[in-house]
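Inspection log for the structure reproduced underneath, given as structure tokens.
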Amino acid sequence: MIDNFDWSPTPLGPMENWSPTLKIMIPFLLRNRFPLLLWWGPQYVSIYNEAYRPVLGAKHPWALGKPVSQCWSEIWHVLKPLIDTPFHGGPATWNDDIELEINRHGFLEETHFTIAYSPVPDETAENGIGGVLATVSEITDKVIGERRIVVLRDLAFRSGDARSPHEACVIAAETFKTHERDVPFALLYLVEPGRKRARLSGWAGLEPNHALCRQRWSWR
């Protein structure tokens, strides 16, 4: 895709005019199995490898050749200082858990990454640095999974204090209220004797008069 891509309309221009350093970086990028993203030039034009594609989601292949300010416009305010620092002669930037709300599947989603942004020296560049190499590891599943284990731990720890089914629902709802990121709302019902009706015994994330908070359900 990189070879067949028309680079002439981009700030990088046609491939034959690329600096030797950039030409060397491309095979290094493509042969690496770790997710790598290269932002080249003052506009930070995006070039990435196969392992980075899942991070982009539906933005691939559109993102190829796009400045990062367009590719990741929703988080550009976060990324810009992290990229500017190494590009303008500062130290490499690093974060072992950066939380980002990105839009890669048509909606904003919570994501977490371990990142390292390093300068790439280039003698032909005006400031001696041609671009910034981003080493990226997505840890979203790990972070959210660990957070949800805490929800289960707190629920198990407090549920032992319940002395009745209704009190168990109240305790569970109070626990969920402290973990609204993973339990936006919850409605807990107890089935009444006869198993034809259920009454609301606990709720979290909604006001009691909310339309979803039906006090009772009945069925035949």
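Counting only DSSP H runs of at least 4 residues, each contributing -39500 (n - 2.57), and dividing by the residue count of the chain, the helix-based mean residue ellipticity at 222 nm comes to -8500 deg cm²/dmol. Summing +1 for each Lys or Arg and -1 for each Asp or Glu among the other residues whose beta-carbon sits under 14 angstrom from that of L152 gives +1.
Per residue, what volume in Å³ does the convex hull of the Cα atoms of region 115-181 enclose?
Details: hull volume 5.9 nm³, N = 67.
So the per-residue hull volume is 89 Å³.
Determine the order of Y189, Y44 by accessible area, beginning with the largest, at a probe radius of 1.4 Å.
Per-residue accessible area, sorted high to low, gives Y189, Y44.
Could you tell me which of rounded, prolate or oblate describes region 89-220, using a ≥ b ≥ c as the square roots of the eigenvalues of the alpha-carbon gyration tensor, with rounded for a/c under 1.5 and, failing that, prolate when a/b is larger than b/c and oblate otherwise? In terms of gyration-tensor shape, prolate.
For the pair E126 and T85, the difference between a 0.36 nm per residue extended length and the Cα-Cα distance amounts to 13.2 nm.
Rolling a 1.4 angstrom probe over region 1-107 with all protein chains present gives an accessible area of which 56% lies on carbon and sulfur atoms. The Kirkwood hydrodynamic radius of region 80-119, based on inverse pair distances between different Cα atoms, is 11.3 Å. Residues K66, K142, K80, ordered by accessible area of protein heavy atoms at a 1.4 angstrom probe radius and largest first, appear as K142, K80, K66. Rolling a 1.4 angstrom probe over the protein heavy atoms with all chains in place gives region 109-151 an accessible area of 47 Å² per residue.
Spin-label model, L108/S8: points 7 Å from Cα along the beta carbon direction are separated by 4.1 nm. Shown here for region 30-124: trypsin sites (Lys or Arg not before Pro) in loop regions (DSSP other than H, G, I, E, B) with at most 11 other Cβ atoms within 10 Å, namely R31, R33.
Which of the three applies to region 48-147, rounded, prolate or oblate, going by the alpha-carbon gyration tensor with a ≥ b ≥ c and a/c under 1.5 meaning rounded? Taking the square roots of the gyration eigenvalues as a ≥ b ≥ c, region 48-147 is prolate.
The translational diffusion coefficient of region 1-76, from Stokes-Einstein at 10 °C and 1.306 mPa s with a Kirkwood hydrodynamic radius over alpha carbon pairs, comes to 125 µm²/s.
Candidates I24, L212, I2 compared by Cα position along the dipole of the chain: farthest toward the positive end lies L212, with charges placed on Cβ.
The values are calculated or read from the model by the stated rules, or taken from the named source; none is laboratory data. Values in this document were obtained by computation on a predicted structure and should not be read as measured data. Methodologically, a virtual Cβ is constructed for each residue, glycine included, from the backbone with ideal geometry; neighbour enumeration extends over all protein chains shown. Heads up: the accessible areas ignore ligands, DNA and RNA and are worked out on the full protein's heavy atoms, side chains in. Shrake-Rupley method; radii C 1.70, N 1.55, O 1.52, S 1.80 Å.
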